Amino acid sequence: MQVTETGAEGLKRAFRVVVSAADLDARADARLNELKGQVKLNGFRPGKVPVAHLKRVYGKTVMSEIIEQTVNETNGKIVEEHGFKLALQPRIKGPEEDPQFQNLLDGGKDLAYDVELEILPKIELGNFKDISVEKPVVEVTDAEVDEAVQRIADANRPFATKDGPAADGDRLTIDFTGYVDGEKFQGGEGQDIDVLLGSKGFIPGFEEQLVGASAGENRTLSVTFPEGYAAKELAGKAATFEVTVKSVDAPGAITVDDAFAATLGQESLEKLRETVKARIAQEYAGAARQKVKRALLDGLDATHKFDVPEGLVEQEFYGVWSRVNEDLAAQSRTFADEGTTEEEARQDYRRIAERRVRLGLVLAEIGERNNIQVSDDEVTRAVVERARQFPGQEQQVWDYYRRTPEALASVRAPLFEEKVVDFLLELANVTEKTVTKEELFKDDEDEKAA
């Protein structure tokens, strides 16, 4: 076997491999001898089939297997001997692309092919103690807890049948049928649908035109679907709805006290307030974590500059770009609506893809050098949590992850990333800063994009 390096540029390597016909034929003959005692052919006793006859019957199939094994083994040796870490699977040019491939299967011919590799870069890790990040801290005030408890109370407020016209805050039960250009449209019908007037739960103009309606009354509503409506075939179109008001209910009084807390499974109003405060604090902690993580990743990005494999960037970019275009299509928007051009957006998202790949490689290197691992138990718990998000389908979700390695890897990857981030935050210079709620949640969309 001859292996010759034919190219080395950046993170790409190319090799020419030639395996002699004698080596291939010897391996093929050995495989045919193995088959001699396994196959049954009419006219021959078990184990007595001549190898020459086996070669006529199975020769091409066996040689194809031998070629595949030889290519895989040879590529593995190239990677091992050079100490490469591959970014992607090797790209083989031939032998199937060779017009003489069928002749090669007959034996007696050398195997020659080219293999292109893209390798991972050697990463020099910086001093993580030099990275400074600021952790935003928001105090949960009594006023916020009061507001949250009141929202819970409003959501659980009792309603009673009302005589007379509906007003804001009343709840109507309606049947409706919608029309666009005089024709019914998909999803435009509903029966026994509750509408809380003033909640803005329906498209603009719908609830407003029901104010003053009484039980048993029929109304025709004229509305226009928003330009960014989820169903793009309806976006921006005028529509009419034939509505029958079946009942009008007025909200009753509710007292926020221990008895109310008991209806929610809480021991007392104080316990309810503690639960609500803990939930708000958890929400703030999650937002703070995202900002700290973003600052940490910015620090890693600034201190680790190296070439990244083009293939990995291309894969990442394709995923990001596909989602961007799907979102725009769903909203019936264009790049011009976003204040940019397709080319400018493409460049921006390619930079995002390159950053993600670079940071992913840095985090992987940190994890490997510091033996940071995700246990099978941790993955199992994460899968169980995901399954719980689909009540009644838990077993199907569990089975899907169990038999789909790629899906299981998608669970393990973020767990690993969070562990590495925790490790780095122990070393980085983290300082706390008290901020307002508005400051904490500012620029969330920009941070999600990165």
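The values are calculated or read from the model by the stated rules, or taken from the named source; none is laboratory data. This structure is a prediction, so every number in the text was calculated from the model and none was measured. Note: ideal-geometry Cβ built from the backbone for every residue, glycine included; neighbour counts use all protein chains shown. When the accessible area is computed, the model is the full protein with side chains, heavy atoms only, and any ligands, DNA or RNA have been set aside. Shrake-Rupley method; radii C 1.70, N 1.55, O 1.52, S 1.80 Å.
For the reader, a short list of remarks on this structure follows.
- Count of residues meeting criterion [open to solvent by less than 20 Å² (accessible area, probe 1.4 Å) and outside any loop (DSSP other than H, G, I, E, B)] in the range 162-194: 6
- Checking each residue in the range 207-226 for being closer than 15 Å to residue 180 by Cα and assigned to a loop (DSSP other than H, G, I, E, B) picks out 225, 226.
- If you go through the range 238-273 and keep only what is among the polar types (S, T, N, Q), open to solvent by 40 Å² or more (accessible area, probe 1.4 Å) and touching a residue at least 60 places away in the same chain (Cβ under 8 Å), you end up with 240, 244, 263.
- Tally, over the range 365-409, of residues that are open to solvent by less than 80 Å² (accessible area, probe 1.4 Å), closer than 21 Å to residue 308 by Cβ and without any contact (Cβ under 8 Å) to a residue 24 or more places away in the chain: 1
- Each residue in the range 1-17 was checked for being surrounded by fewer than 16 Cβ atoms within 10 Å (Cβ to Cβ) and not in a strand (DSSP E or B), and 2 pass.
- Residue 351 meets all of the listed conditions (1) within 30 Å of residue 325 (Cα to Cα); (2) open to solvent by 60 Å² or more (accessible area, probe 1.4 Å); (3) without any contact (Cβ under 8 Å) to a residue 12 or more places away in the chain; (4) within 17 Å of the chain's Cα centre (by Cα) but one, namely (4).
- Residue 439 in a helix (DSSP H, G or I), open to solvent by 70 Å² or more (accessible area, probe 1.4 Å) and touching a residue at least 60 places away in the same chain (Cβ under 8 Å): yes
- Among (1) surrounded by 15 or more Cβ atoms within 10 Å (Cβ to Cβ); (2) more than 28 Å from residue 350 (Cα to Cα); (3) of a type outside the set (Ser, Thr, Tyr); (4) at pLDDT 95 or above, the one test that residue 428 misses: (4)
- Within the range 122-142, the set of residues being of a type in the set (A, V, I, L, M) and in a strand (DSSP E or B) comprises 133, 137.
- Single unsatisfied condition, residue 308 versus (1) surrounded by 15 or more Cβ atoms within 10 Å (Cβ to Cβ); (2) of a type in the set (Val, Ile, Thr); (3) more than 36 Å from the chain's Cα centre (by Cα); (4) in a loop (DSSP other than H, G, I, E, B): (3)
- So residue 246, is it in a loop (DSSP other than H, G, I, E, B) and basic (Lys, Arg): no
- Count of residues meeting criterion [over 18 Å from residue 172 (Cα atoms) and either of a type outside the set (S, T, N, Q) or touching a Pro at 6+ places or on another chain (Cβ under 7 Å) (or both)] in the range 221-252: 16
- Some residue of the range 53-72 being modelled with pLDDT of 90 or more, in contact with a strand residue (DSSP E or B) (Cβ under 6 Å, 6 or more places away or on another chain) and within 30 Å of residue 306 (Cβ to Cβ): no
- Residues satisfying the stated conditions in the range 195-237, i.e. among the hydroxyl-bearing types (Ser, Thr, Tyr), under 19 Å from residue 250 (Cβ atoms) and open to solvent by 50 Å² or more (accessible area, probe 1.4 Å): 199
- Among residues of the range 85-100, those that are at pLDDT below 90, part of a loop (DSSP other than H, G, I, E, B) and out of contact with any helix residue (DSSP H, G or I) (no Cβ under 6 Å at 6 or more places or on another chain), counted: 6
- Of the numbered criteria (1) in contact (Cβ under 8 Å) with a residue 40 or more places away in the chain; (2) surrounded by fewer than 16 Cβ atoms within 10 Å (Cβ to Cβ), the one residue 326 fails is (1).
- If you go through the range 242-274 and pick out every residue that is out of contact with any helix residue (DSSP H, G or I) (no Cβ under 9 Å at 6 or more places or on another chain) and among the β-branched types (Val, Ile, Thr), you end up with 3.
- The requirement of being open to solvent by less than 60 Å² (accessible area, probe 1.4 Å) and touching a strand residue (DSSP E or B) at 6+ places or on another chain (Cβ under 7 Å) is fulfilled nowhere in the range 275-284; no residue meets it.
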